[in-house]
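For reference, the structure is listed below as structure tokens.
The values are calculated or read from the model by the stated rules, or taken from the named source; none is laboratory data. Computed from a prediction, not measured in an experiment: that's the story for all the values here. Cβ placement follows ideal geometry from the backbone for every residue including glycine, while neighbour counts extend to all protein chains displayed.
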Amino acid sequence: MREGKRVALVDQTLERAYRGQPYCLRRVVRVIERTSDRQGQTYLVAEIELEGWWTSLAVPGEQLIELYADHATCEQLHSELKTDLDVERLPSGKFDTNALVGLRGGGIQHPALDRPERPAWPGRARAP
């Protein structure tokens with residue numbers, strides 16, 4: 001952790017009732033306070049970042065945050081593939097027509113999917 005930055009992680013388990021049924025939920029909150037930037041320039045007013053997650057996963061808070069970050073990366077990749085393949089909208093409102101143009105099963109391919117190894121995510125090594 002650098003000087004001018006503090007991080008707090010709050011992990012709470014809460015019980016709530018909905019329509020008479022008890023539920024056990026978990027709330028994870030991360031607060032980051034920055035009083036200076038990476039170069040050491042002090043801010044006039046502290047910058048505070050607040051992030052929160054409601055979950056039922058039983059993993060440590062830091063790992064939970066990483067999982068959600070990976071989920072966002074996966075969503076971004078999915079969005080880029082759809083855009084590159086131009087399949088945001090199917091060509092027809094009829095399923096049979098869409099199947100004929102190859103949108104069913106593995107009828108379409110993207111160059112990134114042709115590589116035998118999977119693409120590396122940012123900050124991670126490639127799979128063997």
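Cβ-Cβ contacts under 8 Å between residues 6 or more apart (or on different chains), taken from a first residue in region 43-66 that is farther than 17 Å from LEU14 by Cα to a second residue that is in a helix (DSSP H, G or I), are listed as GLU51/ILE65.
The set of residues in region 49-91 that are in a helix (DSSP H, G or I), modelled with pLDDT under 75 and surrounded by 12 or more Cβ atoms within 10 Å (Cβ to Cβ) comprises LEU81, LYS82, LEU85. Scanning region 30-48 turns up one or more residues that are at positive phi, in the same structural domain as GLY4 (by TED's automatic domain parsing) and loosely packed, with under 12 Cβ neighbours inside 10 Å. Of all residues in region 22-51, those satisfying the criterion of being more than 22 Å from GLY4 (Cα to Cα) and either aliphatic (A, V, I, L, M) or under 22 Å from the mean Cα position of the chain (by Cα) (or both) are LEU25, ARG26, ARG27, VAL28. Within region 5-29, restricting attention to residues that are charged (D, E, K, R) and surrounded by 10 or more Cβ atoms within 10 Å (Cβ to Cβ), the residue that is farthest from TRP54 (Cα to Cα) is LYS5.
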